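The next block holds one structure in the form of structure tokens; read it before the comments.
Computed from the coordinates by the stated procedures, all read-outs in this text should not be read as laboratory data. Note that the coordinates shown come from a computational prediction; the quantities given were computed from them, not determined experimentally. Here the Cβ positions follow ideal geometry from the backbone for every residue, glycine too, while neighbour counts run over all protein chains shown.
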Amino acid sequence: MSTRIQLTGITKTFGSGSAKATAVDHITTAIEPGELFFLLGPSGCGKTTLLRMIAGFIEPTSGTIAFDNKDVTNTPPNKRNTGMVFQSYALWPHMTVEQNVAFGLNVRKTPAAARDRAVREALEAVQMGEYAKRKPNQLSGGQQQRVALARALVIRPDVLLLDEPLSNLDAKLRTDLRSEIRKICKSAGLTTVYVTHDQKEALSMADRIAIMKGGQIQQIGTPQDLYRNPQSQFVASFLGETNFVEAKVLEPDGVNRLTLETAAGKVLASIAGDTAAYSKGQRVMCSIRPESIKLVEAAATGTLPGKRLESVYLGEIAQHQVRLGEQTMGQVLAVSELNPTAEHLSTSTTQVGMRIDPCDIVILPMGS
Ligand code: ATP
């Protein structure tokens, strides 16, 4: 049975007086049983502090933490039955792989036969069975991190906590281990909290992501939900690349579309709620992802005019810089084109039309 984590009003302040800093600011949220939950945000936003409070290494200034309705706020870390994996693998250098993994079971005085079976199973789960007799310095970084994971899994934790576990590894290994870690957590049905500042890691692995800023959660959602429906400029720009284009609301177009006026002309935008939430003349910010702008011939109907200034060819994709509108000082948009056409790669600048599907324009409050 997996564990549900309930955080209620969790706050952590460090220091006092003029040096007082709030690292985590009144966070209330639940992490569901068996969920792979990511804390994502820029450096210093409070991710690690929050994770360490769930682990019990840091005591909250106020608020409560419950595992399955049991208040663990004041329970020491070794009594919470959590497994933890750090960025630095923190393996004992003088112990073999199997001794490292067995460590937590020895502390718990698990009988030898049960211990050896559990160690074998944990090493097999991370595909390290054949390295059981090696010392950590005879392993690659990725292998050492697998051992650290096996060491966390072997105690059959109620909650698995991972703090940037892949950031010391090279790019290829990180991608490989992403899907492996997800598979292991899912097959064990573990409630997992995973801290990272790598958005690709979060998008590719998470069930849900909490985007943090200044000690607070800005938005929680599935990867697709956060990417497609950010509720603030911060979330839209933190997760992936986007263009922000200012616009004015002109009028509703049917029940769930608005006509907007940008500096370069009119566009239609789909909205999730009621058009009555917007008033005529209201200024809004549109978030438009580079991949949702399609370059077509200049002056095609239903397009915004632009001038392609330069393009970078990357094989499967081209990244274009396109000046919006007819003005020489107009805003420059990033446009990415999958399977780029030769006409968009010429070195001379060209007039283009930009076609954007109304459902790819996300309307956000100004200054959010
Ligand atoms: P990073 O991605 O850089 O690790 P983070 O999001 O994990 O950042 P935290 O390590 O949780 O951020 O830190 C949050 C804030 O709390 C930061 O401003 C940090 O300087 C501050 N902080 C963390 N630990 C302490 C401490 N022991 N004493 C004082 N301030 C601290």
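Do you know which residues across the range 42-52 are under 14 Å from Gly214 (Cβ atoms) and within 6 Å of the ligand (Cβ to nearest atom)? The answer is Ser43, Gly44, Cys45, Gly46, Lys47, Thr49. Within the range 145-173, the residues that satisfy the criterion of being closer than 23 Å to Asn78 by Cβ and part of a helix (DSSP H, G or I) are Gln145, Val147, Ala148, Leu149, Ala150, Arg151, Ala152, Leu153. Within the range 42-83, the set of residues being more than 23 Å from the chain's Cα centre (by Cα), loosely packed, with under 14 Cβ neighbours inside 10 Å and not basic (Lys, Arg) comprises Glu59, Ser62, Asn69, Asp71, Asn74, Pro76, Asn78. Of the residues making up the range 54-75, those that are within 16 Å of the ligand (Cβ to nearest atom) and part of a loop (DSSP other than H, G, I, E, B) are Gly56, Phe57, Ile58, Glu59, Pro60, Thr61. Check whether at least one residue in the range 160-170 is in contact with a Gly (Cβ under 6 Å, 6 or more places away or on another chain) and within 24 Å of Asn69 (Cα to Cα), and report yes or no. Yes, because at least one residue in the range 160-170 is in contact with a Gly (Cβ under 6 Å, 6 or more places away or on another chain) and within 24 Å of Asn69 (Cα to Cα). For the range 203-221, taking the residues that are within 13 Å of the ligand (Cβ to nearest atom) and outside any strand (DSSP E or B), the one that is surrounded by the most Cβ atoms within 10 Å (Cβ to Cβ) is identified as Gly215. Which of the residues spanning the range 1-41 are within 24 Å of Ile181 (Cα to Cα) and among the basic types (Lys, Arg)? The one that is within 24 Å of Ile181 (Cα to Cα) and among the basic types (Lys, Arg): Arg4. In the condition set (1) within 21 Å of Glu326 (Cα to Cα); (2) among the polar types (S, T, N, Q); (3) part of a helix (DSSP H, G or I), Ser237 is compliant with all but (1). Being among the basic types (Lys, Arg) and in a strand (DSSP E or B) is the filter here, so list the residues in the range 1-48 that pass it. Scanning the range 1-48 gives a single hit, Lys12.
Every residue, every condition in (1) more than 12 Å from the ligand (Cβ to nearest atom); (2) crowded, with 17+ Cβ neighbours inside 10 Å, yes or no:
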{"position": "Lys12", "(1), (2)": "no, yes"}
{"position": "Ser18", "(1), (2)": "yes, no"}
{"position": "Ala21", "(1), (2)": "no, no"}
{"position": "Leu40", "(1), (2)": "no, yes"}
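Take the conditions in contact with a strand residue (DSSP E or B) (Cβ under 8 Å, 6 or more places away or on another chain), small (Gly, Ala, Ser) and more than 13 Å from the ligand (Cβ to nearest atom) and apply them to Ser2. Does it pass? The answer is yes for Ser2.
Which one of these does Leu51 not meet: (1) in contact (Cβ under 8 Å) with a residue 60 or more places away in the chain; (2) at positive phi; (3) not in a strand (DSSP E or B)? Checking Leu51 against (1) in contact (Cβ under 8 Å) with a residue 60 or more places away in the chain; (2) at positive phi; (3) not in a strand (DSSP E or B), the one that fails is (2).
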